[in-house]
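Every number here is computed from the coordinates shown, using simple stated rules; none is lab data. Please read these numbers as outputs of a predicted model, since none were measured by experiment. Note that we place each Cβ from the backbone using ideal geometry, even for glycine, and neighbour counts take in every protein chain shown.
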Amino acid sequence: MEQKITLRVDGKERTLTIDARTTLLDALRERLGVTSPKKGCDHGQCGACTVMLDGRRVTSCLVLAVANDGAEVVTAAGLAHGDDLHPVQRSFIAEDAFQCGYCTPGQIVSAVAMLREAEEGWPSVVSEDLDADRVVLDREEIAERMSGNLCRCAAYVNIVSAIEKVARS
Amino acid sequence: MTSVNETNEPSRRAVLKAGVGGLGAAMLPSMAEPAHAAGPATAPSAVGGGAAGGIGAALKRVEGPLKVRGAATYAFEWPVENPAYLYPLLSTIASGRITAVDAGDALAEPGVIGVLTHMNAPRLAWAEEPEVAVLQSDKVAYHGQIVGAVIADSIETARYAAGLVKLEYATEPVDVDLRADRDDLRKPEHAQGFGQLPGDLMNGSPADTTVGDFAAGMASAVHRVDATYTTPVQHHNPMEPHAAVATWTDDEITLYCGSQGVSTPQELLTRAFGLQPGRLRLISPYVGGAFGSKDFSALWGTVALMGAQLVPGRPVKLAFTRQQMFTLVGHRPASIQRVQLGADAAGKLVAISHDAVQETAKAKQYAEQTVQASRSMYAAPGRRTSTRIALLDVPVPTIMRGPGEATGMFALEPAMDELAVKLGMDPIELRLRNEPETHPETGQPFSSRHLAKCFEEGARRFGWKHRDKKPRARRKDGWLIGTGVAAATYPSPRLPGSTASARLDKNGRYTVRIAAADIGTGTWTTLAQIAAEALGVPLDRVTLQIGDSAYPRASSGGFSSGMNSWGTTIYAAARALHTALDENGGSVPPEGLQVTVGMPDDPKLKQYEFGSYGAQFAEVRVHEDTGEVRVPRLLGVFDVGRVINPVTARSQLLGGMTWGLSMTLHEETAIDHRYGNFVNNDLGGYHFAANADVGSIEVHMLGERDSHINPMGSKGAGEIGIIGTAAAIANAAYDATGIRVRDLPLTLDKLLR
């Protein structure tokens, strides 16, 4: 079964006809050539495919493309404007917060969305005060909130540093 | 079928070229020049070290701007027109034969192009190597072996149709039981170089070694330890699944293939398919992690090429699923290790033995040098090591980060801690008292060995002297707190078989080519730094080209051998280019100057023992009620020789130490003894460290140059970080609780008493 859908991907409108079984991740990578989000597990267990879907971070391998006609998708590629990188991307380079780079686009999208969640006062499991208006992003909070994104090169210490620097600025 | 509205969209290829600035050419094979080593405009320049960007400069990764946008091209992402997709079908028995194949329903599915099984797959010219050859017979040697593949127009169709292929089997009894008391354990043979060479163990060393009289030493000892340690099956799980895109035409056979090296798999696949040398081109500039699992096994390349042969001219894309990776790309073999130590009253070792029993596959012997560190770490007059293997109905194990020593040092180093407790001696003092002056087995000098300095520096930074002498002495808020220490060592080998070219153009630009790999280690940056230093020019005048079998042959990246092997070769090429320039009167002809040279022989390689060293410190908290283990602090001090790039070297060591934490607390693949299958075969079931598992990790490098090993003075940094970490954590857990856990992983059930 196939259906025509339109997605807005990194600011560009893309229309395609897709198999109802196609995940958002495969639609992006195999149909639209948007390979910034990566396929690490296809089961929502690693976070490499993280994109922002209508402003929220999601694992795009667990989302069916056909169910998201009209959605706005932002990948790590869309966070940069040409050579002008997003502050989180610059910080990842400065702190050497990656090695092989495969989980990195997902980490970066996740970090950008997480910073917004914290700004909006969302608590995490390690937050002392669940009703606080403002979340202080210390290393423990950042590590907890970034634990949906696995990194097998294990750049975690540097990932936390990279995000902490952006959160403080 | 399906269609994409591209009316207002430039082609993928144009998008890729336009979107990535100066490094965009990296994504196209005809223009693969990613390492203009000065980097694109957005890359920060040197933040310290040599201003020219040579060895020692703390440079950011040159490919960083690509990776943070997701624009570095991994194997599955190479833009190809109208690809077909291949989905492998895996055996559901561990031992037996396929008796019937019914692909009718799969072939009837719209969009299915073909179904491959052993009945119709191309016959390979080299069908005996189980890590390369597939679909060559009806025999099933392990659960999760490739027994078929569906090729279709889409991923979804290929995967669905794979479920429609019906296979019948004649099963044989399954044996996956690793025990030290099996009566069929055997001495490994011909395991060197993955079975290519005659040495007993994978590193070419004998299975058994003896020096002096171990039994007499043990009999004379005042203090003795005799303990058995076990480690489970572990899986590499690089984030990028093993993937390949293959195109087979009369003119070219191209394989984009994530790999730890391009030359070795190119040669293996050339042999398997009986091709003319050079006909197959293998391209792999970026690899999404490997850790050993993308080194020798080339199954994904084999299957992709078989698919491409079926649809000549049409690219075939294949990526193993996470679940399939658990059986198709190797694992770290489980081990049972007995260590015996005997010491005199002053803590001097008089006897050391280390006996390892490991699991391997009936399909192929893999036997790693688990006992290797016990041969070199401490002085003792009476000593012996042995290695025995059990041949089981399991997938073929392979090298995994720190192969050999990573598991072996979980036996020797906790045993040393147990001995220190018996002696009532500080565990650092015990180790320093047993430092050997020369290699305890060979008698050869160490090219450099600064282990004592690592301990001294680490103890100072960690605050070791404040440690409580008794276990279970510190608690806070319900957590028992302990500290532990362990030594680390890993050889720094130089692998044979590398060649490099160096070229100088009329415009003064240098180009260095070598078919090396960057698996996340930083090769794109560090090899360019070495080239700049060797050529004696600033980094921005050097273009490095790696990751393509069209370049001069190189050994694969593994065993912490990359910089040593490739860097030495580049030095030789640089020297030859200088000579050529001198012979040409110092001027560059219009066509430029180019030399290609192999890695030179070096008599020193036979005169010294080469290795990296480290001291690992850990603070562990164990919850008194739940047994939960946390590792709030790790600190490592490492002797890795002269540091090529402190940024990427630190990341290597940091990653290695985090791997050590992960193997200690989390990693274990369970096998079902009834059916021979790995049970927890995904990232939900196989746990490795996530961000919140990791606390503070401090990495320090001594930076002492090794004057014998190579022109750079550098030793290996890729493996040493994982060595000894598990022991330091387990020793700290003992200090916290008084409970000695000798079986990895260190899960809470083992700490509840």
So if the hydrodynamic radius of region A:87-168 is defined as the Kirkwood radius over C-alpha pairs, what does Stokes-Einstein give as its diffusion coefficient at 25 °C and 0.890 mPa s, in µm² per second?
194 µm²/s
Roughly speaking, what is the centre-to-centre gap between region B:73-125 and region B:430-472 when only Cα atoms are used, to the nearest Å?
54 Å
Of B:422/B:750; A:12/B:60; B:362/B:750, which sit over 25 Å apart, Cα to Cα?
A:12/B:60; B:362/B:750
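Once the Cβ-Cβ distance between residue B:540 and residue A:130 is put in as r, and R0 is 56 Å, what FRET efficiency do you end up with, to the nearest 0.05?
0.60
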Indicate, rounded to the nearest 5 percent, the antiparallel portion of the DSSP beta bridges found entirely in the protein assembly as shown.
80 percent
Take the Cβ-Cβ distance between residue B:438 and residue A:20 as r, set R0 to 60 Å, and report the resulting FRET efficiency rounded to the nearest 0.05.
0.30
Let's see if you can work this out: charge +1 on each Lys and Arg Cβ, -1 on each Asp and Glu Cβ, no other charges. What is the dipole magnitude of the protein assembly as shown about its Cα centre, in debye to the nearest 20?
1420 debye
Debye, to nearest 20: dipole size of region A:1-101, +1 on Lys, Arg Cβ, -1 on Asp, Glu Cβ
160 debye
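Give the relative contact order (percent, whole number) for region A:2-79; include only Cα pairs under 8 Å separated by 6+ residues.
39 percent
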Amide H of residue B:701: which non-local residues (sequence gap of 5 or more, or other chain) have their own amide H closer than 5 Å, using H built in the peptide plane?
B:638
Under the classification rounded if a/c is under 1.5, otherwise prolate if a/b is larger than b/c and oblate if not, where does region A:2-79 fall, given a ≥ b ≥ c as square roots of the Cα gyration tensor eigenvalues?
oblate
Under 27 Å from the Cα of residue B:364 - lysines, other chains or at least 8 residues apart
B:139, B:187, B:294
Most exposed first by the Cβ proxy, i.e. fewest other Cβ within 10 Å, how do B:416, B:400 rank?
B:400, B:416
In the neighbourhood of residue B:452 defined by beta carbon distances under 14 Å, the net charge of the other residues (Lys, Arg +1; Asp, Glu -1) is -3
Apply the a/c threshold of 1.5 to the C-alpha gyration tensor of the protein assembly as shown and tell me whether it is rounded, prolate or oblate.
rounded
Under the 7 Å Cα-to-Cβ spin-label approximation, residue B:606 and residue B:630 lie apart by a distance in nanometres of 5.6 nm
Is chain B rounded, prolate or oblate when judged by the Cα gyration tensor, a ≥ b ≥ c being the square roots of its eigenvalues, rounded requiring a/c under 1.5 and prolate requiring a/b larger than b/c?
oblate
Roughly what angle does helix A:104-119 make with the longest principal axis of chain A, taking Cα atoms, 0 to 90 degrees, to the nearest 10?
60 degrees
Residue-averaged [θ]222 nm for the protein assembly as shown, counting only DSSP H segments that reach four residues, each worth -39500 (n - 2.57):
-7000 deg cm²/dmol
Build a GNM of chain A with springs between Cα atoms under 10 Å: which of A:34, A:51, A:73 gets the top mean-square fluctuation?
A:34
Candidate aspartates and glutamates for bridging to residue A:38, where Cα separation is under 16 Å - those fewer than 8 sequence places away on the same chain excluded:
A:10, A:26, A:30, B:77, B:240
For residue B:453, list the lysines whose Cα falls under 23 Å from its own Cα; do not include residues on the same chain fewer than 8 positions away.
B:348, B:465, B:469, B:715
Suppose we keep just the DSSP beta bridges with both residues in chain B; what percent of those would be antiparallel, to 5?
75 percent
Magnitude of the Cβ-charge dipole (Lys and Arg +1, Asp and Glu -1) of region B:248-328 about the Cα centre, nearest 20 debye, reported as 200 debye
GluC sites (Glu not before Pro) lying in DSSP loop within region B:402-458, provided at most 13 other Cβ fall within 10 Å
B:437
Per DSSP, the loop-located trypsin sites (Lys or Arg not before Pro) within region A:131-161 having at most 11 other beta carbons within 10 Å are A:134
